[in-house]
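The values are calculated or read from the model by the stated rules, or taken from the named source; none is laboratory data. Note that the structure is a prediction, hence the values are computed from the model and not measured. Cβ placement follows ideal geometry from the backbone for every residue including glycine, while neighbour counts extend to all protein chains displayed.
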Amino acid sequence: MIDVLPQPRPGGRSLRGRLASLRSDWPHHLSSARGALIAFGLFLAMFTVFVSEHPAGFSRNVVNTAANKGALLALVAMAQTIPVLTSGLDLSVGMVFVLTNCLASTLMVGNALHTALGVAAVLVTGLACGALNGALVVLGRLQPIIATLATSSIYFGGALWLRPAPGGGINEEFADFMTGSLPGGIPVAVVLLLGLVLFGWIPYRRSVIGRAAYAVGSSEQAAYMSGVPVARAKFLTYVLAGLFSALAGLLLSCLTESGEANAMLGGSYTLSSIAAVVVGGTSLFGGAGGAVGSIFGAFVLRTIGDLLFVFNMDPLWQPLFLGVVLLVAVGLGSLRLLRVKNRLDLFR
Amino acid sequence: MVATLVRRIDKPVLAAAGGIVLLLAGGGLYSSSFLSPGYLLQQLQVASFLGIVATGAMLVILLGQIDLSVPWVITMGGMMSVAAAGWARPGGWLAIPFAVVCGVGIGLVNGIGVAYLRIPSMIFTLGMNAIAQGLMVVHTSGFAPQDRATPTMQFLSVGRSLLGIPNAVWVWAVVGGLTVLLLGRTAFGRRVYAIGNSERAVFLSRVNGNLVVVGCFAASGALSAFAGMLLAGYSTKAYQAMGDPYLLPAIAAVVLGGTSILGGRGTYLGTIMGVLVVTLLQSILGIVQMPEAGRQVIYGLVIIAMLLAYGRGEKSGF
């Protein structure tokens, strides 16, 4: 499916013109957002059940805890989405997440200025990790899956070097702010996600380089022939993936107020991020989907665990149940096979 | 004669062989015991477990797919073999076949999901990994199983019989020999390469490619479970997450050996070389008492360096 919208709208178009084009484009908009809408509906239904069954009900604490847990995976899933759009993959997101957690627990201490510098250093590290991945894929012409596999080992080594043993700490005021909620009861983590979508993801998606990423994922050859900046677009997706992973590492540090070079944690976040991307309606073949769907995909995955908790399911059965839900969710995508007219289209 | 032989061996295999020589030379400079036959045989024994896993991974990668269910299928193989050993006393003859059957079961589901449901292998095998993990957690209640490996399993993995060479190496040799025959001398093997190159062309040739895909995933499951059984024999018991350290090294070994991650190209000789490179690299980094952090960094850097040397894609420009 080609998911590159028609031309970016010129600035000075009349409202009527915009409405008219929206009317004619709506089937396209709907079909490109279908995955995200399904994930959102699923999340809403599951979260309603969760809150109504929870002994504490719809309280600030319950919502806040769920938001923080979900936002961690949502950030890593957003990171994963962007390279996946170009039919790439970043297997190092989990390890960048762990590395930046260890870095934050070392640097983000002391007064406000130190903390601010620490935040900047963490984000720059994420960008640098992403830039290395991007350089290996674009300039080194390595397959993304194997290149990021190798770099994840390097990033984990860095994390171990910074934190041979779990520990460290971060500025408590900052941590409390990031993991708390605003006066209206809205968790700061949700505001962070919303801000990233409004001021990060949407401008990116509407920019030339963001559209180029979709074009590359749909057909790299056609994109190249059309003069799309293929190399720059691919490089930027990995850089952004590094940045979003670093944001997740920052949030993790605020939640745990310490750092730990935990290989299992990094590995599980990498794999869960792929699952969240798929549940959120992004195609692993690239060219269709988006980061908003992945956010809901991440929240769906996290809410499953919460649901098992409130229904008092034996914790031993949880991993099995999670696996079954994941397979059913991706299996539903196979219903499209029933509509395929030419079986040749099934094969690449 | 020699010239044709050299021409038949492709560049990645030669480069990997060069890597092995470099690693051995470097290790030998550090400590002369590194080049002793005893140590080298021990490395071969350790390599054979990875080699068997990598064989399955290679079959799937040749199709242009990937099998991420390897870690918990290995663990399943280990746990099911010791459990079956407990059920079928005395002798525990059931242990090895039961482990392999469990692996084939997971592999068949993987293959059906990828071939018939057309779900990307990366996500489907990930889900099956979670299911295998879930089944094992339920089976063991989250603890390490108390059952012990049977004498046959220990004989296969730690024993040394013929010529003083570890039996595990002989097992790998048999698995490897069968794989070479399968890939090079059978229609099935040709179809594996054909699917990796163009699944459309295979479909248009009226070949049932889906059966080949299912077969490769089943073989990968069987080999992973078999390796898990050997690992359980090696340490006399099975434990949680015993397969986790094998997924990434297996993929790295296959790719370092020159198999294209996009499928359709690769030789088994290359995979053997890749397995030896990865095993020696891990061993040397362990021996020089480098802290774990440095080991991880060097491991990643060496793989990137080798890939940059010969694993690069075509120059784009279409």
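Here are the numbers for the structure shown:
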| item | result |
| --- | --- |
| Unmet criterion (only one of (1) in a helix (DSSP H, G or I); (2) within 14 Å of another protein chain (Cβ to nearest Cβ); (3) more than 17 Å from A:Ile154 (Cα to Cα)) for A:Gly267 | (3) |
| Test result for A:Leu316, free of Cβ contacts under 8 Å to residues at least 12 places away in the same chain and within 20 Å of A:Ser31 (Cβ to Cβ) | no |
| Flag for A:Gly184 being over 17 Å from A:Cys254 (Cα atoms) and touching a residue at least 60 places away in the same chain (Cβ under 8 Å) | no |
| Condition check for B:Ala218: hydrophobic (A, V, I, L, M, F, W, C) and either more than 13 Å from every other protein chain (Cβ to nearest Cβ) or surrounded by fewer than 21 Cβ atoms within 10 Å (Cβ to Cβ) (or both) | yes |
| B:Thr271 being crowded, with 23+ Cβ neighbours inside 10 Å and within 11 Å of chain A (Cβ to nearest Cβ) | no |
| The stretch B:278-293, residues that are more than 16 Å from A:Ser152 (Cβ to Cβ) and either at the interface with chain A (Cβ under 7 Å from one of its Cβ atoms) or not in a helix (DSSP H, G or I) (or both) | B:Val288, B:Gln289, B:Met290, B:Pro291 |
| Residue that is within 30 Å of A:Ala222 (Cα to Cα), among the hydrophobic types (A, V, I, L, M, F, W, C) and in contact (Cβ under 8 Å) with a residue 12 or more places away in the chain, where the choices are B:Leu280, B:Leu262 | B:Leu262 |
| Test for A:Ala135: is it among the small types (Gly, Ala, Ser) and either touching a Lys or Arg at 6+ places or on another chain (Cβ under 6 Å) or within 8 Å of chain B (Cβ to nearest Cβ) (or both) | no |
| Candidates A:Ala288, A:Ala275, A:Ala261 - the one that is in a loop (DSSP other than H, G, I, E, B), closer than 21 Å to A:Ala77 by Cα, facing chain B (nearest Cβ under 9 Å) and at pLDDT 85 or above | A:Ala261 |
| Any hit, the stretch B:50-66, residues being within 14 Å of chain A (Cβ to nearest Cβ), buried (at least 22 other Cβ atoms within 10 Å of the Cβ) and in contact with a Cys (Cβ under 7 Å, 6 or more places away or on another chain) | yes |
| Some residue of the stretch A:97-115 being closer than 19 Å to A:Gly200 by Cα, of a type in the set (A, V, I, L, M, F, W, C) and surrounded by fewer than 23 Cβ atoms within 10 Å (Cβ to Cβ) | no |
| Criterion violated by B:Pro249 - all others in (1) under 30 Å from B:His139 (Cα atoms); (2) more than 14 Å from the chain's Cα centre (by Cα); (3) at pLDDT below 95 satisfied | (2) |
| Spans of helices (runs of 4 or more DSSP H) in the stretch A:105-200 with at least 1 residues modelled with pLDDT of 90 or more and out of contact with any helix residue (DSSP H, G or I) (no Cβ under 8 Å at 6 or more places or on another chain) | A:112-138, A:188-196 |
| Qualifying residues in the stretch B:156-182 (those that are of a type in the set (A, V, I, L, M, F, W, C) and without any contact (Cβ under 8 Å) to a residue 60 or more places away in the chain) - the one farthest from A:Leu316 (Cα to Cα) | B:Leu163 |
| Search result, residues across the stretch B:103-147 that are more than 7 Å from chain A (Cβ to nearest Cβ) and in contact with a Gly (Cβ under 6 Å, 6 or more places away or on another chain) | B:Gly103, B:Val104, B:Ile106, B:Gly107, B:Asp147 |
| Exclusive hit being in contact with a helix residue (DSSP H, G or I) (Cβ under 9 Å, 6 or more places away or on another chain) and over 28 Å from A:Val216 (Cα atoms), set A:Ile304, A:Ile274 | A:Ile304 |
| Scope the stretch A:293-348; condition hydroxyl-bearing (Ser, Thr, Tyr) and within 14 Å of chain B (Cβ to nearest Cβ); matching residues | A:Ser294, A:Ser334 |
| Test set (1) within 26 Å of A:Pro319 (Cβ to Cβ); (2) at pLDDT 90 or above; (3) buried (at least 23 other Cβ atoms within 10 Å of the Cβ) - A:Leu255 fails condition number | (3) |
| Matching residues in the stretch A:13-36 - criterion: being outside any helix (DSSP H, G or I) and either within 22 Å of A:Ala212 (Cα to Cα) or modelled with pLDDT under 50 (or both) | A:Ala33 |
| Matching option when the condition is in a loop (DSSP other than H, G, I, E, B), within 14 Å of chain A (Cβ to nearest Cβ), surrounded by fewer than 15 Cβ atoms within 10 Å (Cβ to Cβ) and not charged (D, E, K, R), among B:Ala309, B:Ala241 | B:Ala241 |
| Odd one out for B:Ser157, checked against (1) under 30 Å from B:Leu117 (Cα atoms); (2) more than 14 Å from chain A (Cβ to nearest Cβ) | (1) |
| First in the stretch A:218-236 and surrounded by 17 or more Cβ atoms within 10 Å (Cβ to Cβ), second anywhere and hydroxyl-bearing (Ser, Thr, Tyr) and in a helix (DSSP H, G or I), Cβ under 7 Å, 6 or more apart | A:Val230/A:Tyr224 |
